[in-house]
Amino acid sequence: MEWEVDEGKEAAAVVVGLIEKATNSTKPDLDPRILKSIKSVVRHSDLELRLAVENLMNLMKRDHSQVRYLALAIIHELFMRSKVFRRLIVENLEQLLSLSVGFRRNQPLPAPPAIASKLRLKAIEFLERWNTAFGIHYRQLRLGYDYLKNTLRFQFPNLQANAARAQQERRERELRTKEILLKKYELLNSNLPSIKHEVKSMVDEINECLEILQSCKEPNLPLSPINEEEEEEYFEEFRSLELRQIRDNSLKEADKVQENSENKVVFDALRELYKLLVTKHIVAVQESISVLIRVELSDNRVRDSMLKEFIDTRNHLKTIKKKCEEAGCALSVNTTDEGGEEDIWEEGTSERFDIPKPNKQSEDRDHDVSRSKDSLKIINNKAVCDADLDPLKSKLMGEAPVMKWGSFLDNWGSVMANQRGLEVEGHWGRVDYDAVIPANKIAELNIQATVYEEEEEDDKEIQQCGAPLKKGGLCTRRDLKICPFHGTIVPRDNQGKPLIDDDNYLSEVKENLVSVSTEELVKQAVNNVRERDAAKKREYYDNKKEMKRAKLAKVRGHNDAVLRDAALASTSATCSIGEDVETREKNSLAKMLKKKVSVKDRLGRRLLNRKATARATQLMNLGDDDHSKYREAFPNQW
Amino acid sequence: MWKEIGDRQSGKLRPNSFISRIRSNRASSLQLSNHKEIVSPHRGAINSLQVDLTEGRYLLSGASDASLSVYDIQHTTDYEGGGLIAKHKPILHVDKQHQNGHKYAISTAIWYPIDTGLFITGSFDHHINVWDTNTSQVVMDFKMPGKVYRTAMSSLATSHMLIAAATEDVQVRLCDMASGAFSHTLSGHRDGVMAVEWSACSEWVLMTGGCDGAIRFWDIRRAGCFSVLDQSHSQLGRRPPLLERSTTKVTTSRSFSPGQTSSSKTRPPQKKATSSSGSKHSGGSRILRQGKQKQRLHPGLLSSQDRATAHYGAVMGLKATEDGMYLLSAGSDSRLRLWDIESGCNTLVHFEITRLQTTKPIQLAVTQDSALVFVPCMTSLKAFDLWSGKTSMTLQGHYEHVNCCCYNAYDQELFTGGNDRQILIWSPPKLISQDVDEWDGRTGKPPALDEDNWSD
């Protein structure tokens, strides 16, 4: 029996110590390790829980919001877990709330105010969570929640309601989309014949166009297409793969019906139809397929059949689209651009045929956007261009600066910014016609942006430092700007004397205003260097010391941590090890209560204390005082 | 509990004592009821609560927002949480919008003691209304000279139906429901009257407590008050048994005959009391002395000269025990005193009260066997042992001051009302098996279980 009691006491000491430790911190959150150990200790028996409750309630009464905040966090953790704890806490919930929410006017929350407001928010949030989780079992929780909410009108975070509302909204949105889909489906169902008809008529038209083109094509087959296998058999030895591909391509090209004045009308019609096909019908069919996929119906048979039909239509349309493309109908949007550019860079492209990349050519044909890019690249490649150009152009080419391709080339030559800033014609906004941009700004604005490129290392040798060394000879370090031993690298003569005096030297000269011999100068330089070296060395040693100190501190910290762990794991006997830490923290807890002294406070202290005010009033009254004395002395004169 | 049942089964225990034991056991284990709650529609402090005396089923509440409600505390109107929480919504609610409603705060609401067809409310708008419960209409209206603090009707009365009204005015008026007029005007208090209580053993005796700190006893059949309680006039502990006193103090008891006790009930009521000479009680003798000084005064009015006080400060509440032998008074001096009605002595029981609310009259409650007294102490309600004054329970649940409490002797439940607009029910703990049965029987999702939940 006695033994049990002893054990109970010991356990109590552990719980109390742990809670004390957990709340004795300036950190905004609980130490999870201590919390865990509190939980594991408290789990053992109701006695410990009871002690924990008692201790926590005592801590809640402390005159320090930080302590209360941490205690409340522990209470919350245990509250969500233990039934006994809940029962005990609920018994004086009113007190707990008044200590954590501070709703009683005669019991406001203690300093520091920032943490006090945090404590209040947290307490309200916890109360709500407790109420939603366990309110049904504890009338006191319901009462407290109701009182704070309906009587004192505290703003609760309303977690549950918010979540419910969000879910409700989501459900509504889903419902709405479902409805919309259903409507779309119905519309589609009713429009199905007309859509089919439309598509069919268009497909027929396209087919007709294609047929016309095919029929009017002259049968020009200068080289009969050779069977691939045959080709391989016979011409393997002297036909490279690339050449063959080029040939194939050209054959294909030749196969195509070329647009000319005769069949231009047909091509135009085809192009129109193609455009319609791509921008309208394929898109519409795709959309209706997606609607059909997403819609939810009780009877799926109709939908499935419709879906099948639509997929078939889509595939059909795609094949037709391919046919059109083969017939030379690119996306009509780009056709105009193509023509314009091709005029200028015809030579360039023709030049490229001897480059052994035949696939590239077909790609170029497909993506005319990339073509302009390529052709621009060609200007850079002077060697390629030189051969076939007229002399003036080649001369100009020779002079022209080599530019990387970039977006700035789009408005080459047009001045982006003039003296008045941007071009103002056709500008609807407010315009200041007198505004003038300074010349240097203009210059700055007109500078082309270039990417920095490393120059090749071979043609630029990094200079040696060349400063004279103590033991004779010159420093052979190669640095770009600064030698770590001799400072900025300056051009020096072969004795190591700097050709241009550094500013340090100049200032010295100015101070002395004495002509100094070269030998002295050298000495001075050497001295300077030595001084610098010594400073460097000192710094190095200092660094070393600091590193050592840091290492020691680290080791100490590690030891502390290990000891603390041991203390946590074992009984109260070892609890006192971390005490010095604790006292330090206590100081900081106390420090939190102290108000930070602002400038205003200091000024106020100086200006508003009694002495100062007395002095001020005295000063104010001084003249007055004399006057009054005078008045008293000579009442008749006044 | 099982032991008592066993004893009863074997016949060791008499039925009466069995009942009283069970009752006192239950009364001493009150706690905030989780399974039963009252939905209070009031938007102001609850000032008065009473369970009707005939059925013990209807709770009447009056609140500061001039609203009053009647609840059926036996039949649940609504369930919540899968049948775990039974809610009692008002079956009758009257507020300011009602055509005959009170204008200002209702300070008192009591049932007509004979049946539940009538109830009486008194308000700060100087009116006392008598309501018909079934039509919820006012059937009678008394205009008082000041704010009404308390009203009381005698539960014993067979020959009169008087409403005693304690008001701001110094005079206590008795309103006769039969005639609709004031039948009596009792003057003697020097300040407003906060508390009024009829004797539990004589239909003629009225006890009033005033803001002047005096508690006066009146016999409504004669003029003036016949006794003024004096706090310095004391006797230690409970009254000694009858046998010791019966021979020596016959005359004394005769002089107090209107304040009948169970011991003196056998004797016929003595009409002439204060004027009779002979060996007197010290209180009586003082009255006599004063009478000598002012010969011209009517003997019944002599006591109006008596300035004895029961409390330092106002008397906030009065409550007589069921057996009519003792009177409890609460004062604004934060004291609760237990008086022996028969002798008019302060029994000097020290109740461990720290502080009482002093701004409003408070309503006390006593258990049926006079073992416990429930006193609203600021935000909590305390139960004291009546004879030792020791705190036996502290019922913490209200968030603001508690104003009134009402003990229902039928099922040992306590109702409390406070400034936080809540009416709380305190009941003995339910047996667990009952709990389980209750929500098992109802179809619906079982509520979230209240269990340990250790994650690690």
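The values are calculated or read from the model by the stated rules, or taken from the named source; none is laboratory data. Computed from a prediction, not measured in an experiment: that's the story for all the values here. As a convention, Cβ positions derive from the backbone with ideal geometry for all residues, glycine included, and neighbour counts pool all protein chains shown. Note: areas computed on protein heavy atoms with side chains; ligands, DNA, RNA excluded. Shrake-Rupley method; radii C 1.70, N 1.55, O 1.52, S 1.80 Å.
Summing charges over all other residues whose Cβ lies under 11 Å from the Cβ of B:Cys377, with Lys and Arg as +1 and Asp and Glu as -1, gives +1.
Ordered by 1.4 Å accessible area with all protein chains kept, A:Tyr540, B:Tyr71 run largest first as A:Tyr540, B:Tyr71.
Just round it to a whole percent: the fraction of Cα-Cα distances in segment A:40-177 exceeding 23 Å. Taking all Cα-Cα pairs of segment A:40-177, the fraction more than 23 Å apart is 39 percent. Association of chains A and B removes close to 2600 square angstrom of accessible area from solvent, both sides included, for a probe radius of 1.4 Å. Each Lys or Arg adds one and each Asp or Glu takes one away; over the other residues whose Cβ falls under 13 Å from the Cβ of A:Leu72, this sums to +4. Within the set A:Lys470/A:Lys545; A:Lys39/A:Lys83; A:Lys21/A:Lys596, which residue pairs have Cα atoms separated by over 20 Å? Flagged as over cut-off: A:Lys470/A:Lys545; A:Lys21/A:Lys596. For B:Ala214, the shell of other residues with beta-carbons less than 12 Å away shows a net charge of -1, using +1 for Lys and Arg and -1 for Asp and Glu.
The distance from the alpha carbon centre of segment B:46-114 to that of segment B:384-412 is 20 Å, rounded to a whole number.
Given A:Lys200/A:Lys275; B:Lys87/B:Lys360; B:Lys319/B:Lys382, which pairs have Cα atoms separated by over 18 Å? Cα-Cα > 18 Å for B:Lys87/B:Lys360; rest within. Relative contact order for segment B:50-194: what is it in percent, counting Cα pairs under 8 Å that are at least 6 residues apart? Averaging sequence separation for qualifying contacts and normalising by length gives 15 percent for segment B:50-194. Are there residues in segment B:380-403 whose accessible area shrinks by at least 20 Å² when all protein chains are included rather than the chain by itself, and which are they (probe 1.4 Å, ligands and nucleic acids not counted)? SASA drop of 20 Å² or more in segment B:380-403: B:Gln396, B:Tyr399, B:Glu400.
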